[in-house]
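Note sheet for the following structure.
The values are calculated or read from the model by the stated rules, or taken from the named source; none is laboratory data. Quantities reported herein were computed from a predicted structural model and do not represent experimental measurements. Cβ: placed from backbone, ideal geometry, glycine included. Neighbour counts: every protein chain shown.
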């Protein structure tokens, strides 16, 4: 076991972890932006815009991510890491769009009327009045989506040979042949994922507790 | 990329793709059954009064939800044979995906049950109902309308997740699509048709989720109207808002 957990191996895995976080972080940030645009399009009174957003969201909500990773890698033919970021962004944007739409819909319509009656411009109103209230509804779901994205980056090694955490783990595993060592490698890779995702899910729980609205049941 | 001869080649291979598609459906159905069983059992554990049962549920949910499904599949695929457990990829798919989504469904069941007011449990108890009677006759029938919409979302997610079996040569739709695409390099038709096939399975489920969600909003409003003939203007407004927007599925729909 000693020769397995050397600094070289740990560092090898940690580099994979950095790539995992890098790809997830960029995809999550980009998909937050696109998701917001989709949510606003979906709520807009312009029926063409809202139809485009609806079709986009339905397509990506009902097909697997793995398919889009392959699609972008083989058909659009970007290099591996840009393919991954593009596929994750395109796919996650649909979920983010749904979450943000739900958050905006959860803000009572009286607030929109109040915002107009007080002479706020659309942008000001959305930023100062709607956004803080919508955030309260959205943050737990957005964090959960982030967890899902981080976990899903584990496809990338087997799908398009990007050496993220899972890939690095598999590479190490292929050099081993004793059962306990293989167990240990899987355990370590799992632990890395667990630490990050568990921390985020604690964040979800903390946020829900802190910002629970009185009289609201269920959440 | 989408030239006609590629489509011809694709449709010659289409029977194999369809066979693989039935395998996707098979894995999905059996995994869903397993996930439902685990979800209900662990969901009930999470609202039980026993600390031990609640702790077991927490460990299950956190362990499974915070580790990638693919890693769990790889453990069954690559590690289990080393200790003498050899499973077919079909069984690995059913078990791994069933256990994974069981954790999500148990959270759905938990939040459904905990949304039922305490008074309902007390009322059932005061009427001399046993635990099983309370749950099956009083609590679950009320919780079901809250549980159903996110459950349909979970079912759709489960179907999408069967695609990762392709990465362990699972022989299902995604695998067949990849192997056709890689052997012929006719990627276009293969991925487009696979997307359509997955869409055909998942779209009705996510529509169903939305439909149940919106109906629930309406039913609740109606009941309120019935009990509360003197509706204020605010109630009226709420009613319209609920009828228009439905209640959002965001929390449950985003996970998994």
Counting only residues that are touching a helix residue (DSSP H, G or I) at 6+ places or on another chain (Cβ under 8 Å) and closer than 25 Å to residue B:170 by Cβ, segment B:48-84 contains a total of 20
What pairs come up if the first residue lies in segment B:160-179 and is over 14 Å from residue B:31 (Cα atoms), the second is assigned to a loop (DSSP other than H, G, I, E, B), and their beta carbons are under 7 Å apart, counting only those six or more places apart or on different chains?
B:166/B:172; B:174/A:64; B:175/B:169
Restricting attention to segment B:74-99, and to residues there that are facing chain A (nearest Cβ under 10 Å) and crowded, with 16+ Cβ neighbours inside 10 Å, which single residue is farthest from residue B:24 (Cα to Cα)?
B:79
List the number of the failed condition for residue A:95; all other conditions in (1) touching a residue at least 40 places away in the same chain (Cβ under 8 Å); (2) within 21 Å of residue B:189 (Cα to Cα) hold.
(2)
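Kindly state which helices (runs of 4 or more DSSP H) lie completely within segment B:58-157 and contain at least 1 residues that are in contact (Cβ under 8 Å) with a residue 60 or more places away in the chain and over 17 Å from the mean Cα position of the chain (by Cα). Talk me through it step by step, then tell me what you get.
Values: elements: B:69-74, B:89-114, B:118-126.
Per the criteria, B:69-74, B:89-114.
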Take residue B:35 and decide whether it is modelled with pLDDT of 95 or more, touching a helix residue (DSSP H, G or I) at 6+ places or on another chain (Cβ under 6 Å) and within 14 Å of chain A (Cβ to nearest Cβ).
no
Test residue A:23 against the stated conditions and say whether it is facing chain B (nearest Cβ under 10 Å), in contact with a helix residue (DSSP H, G or I) (Cβ under 6 Å, 6 or more places away or on another chain) and either part of a helix (DSSP H, G or I) or at pLDDT 95 or above (or both).
no
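When the residues of segment A:44-66 are filtered to those that are outside any helix (DSSP H, G or I) and farther than 17 Å from residue A:105 by Cβ, which remaining residue is modelled with the lowest pLDDT?
Step one: of segment A:44-66, the residues outside any helix (DSSP H, G or I) are A:44-46, A:62-64.
This time we only want the ones that are farther than 17 Å from residue A:105 by Cβ, so: A:46, A:62-64.
Values: A:46: 92, A:62: 95, A:63: 95, A:64: 95.
Selected residue: A:46.
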Any chance you could count how many residues in segment B:112-164 are modelled with pLDDT under 90 and under 30 Å from residue B:178 (Cβ atoms)?
0
Go through (1) part of a helix (DSSP H, G or I); (2) within 14 Å of chain A (Cβ to nearest Cβ); (3) closer than 20 Å to residue A:205 by Cα and name the single condition residue B:45 misses.
(2)
Does segment A:181-191 contain any residue that is within 11 Å of chain B (Cβ to nearest Cβ), within 30 Å of residue A:59 (Cα to Cα) and crowded, with 18+ Cβ neighbours inside 10 Å?
no
Give segment B:180-195 a look and list any residue that's within 7 Å of another protein chain (Cβ to nearest Cβ), free of Cβ contacts under 8 Å to residues at least 12 places away in the same chain and within 19 Å of residue B:4 (Cβ to Cβ), or say none.
B:181
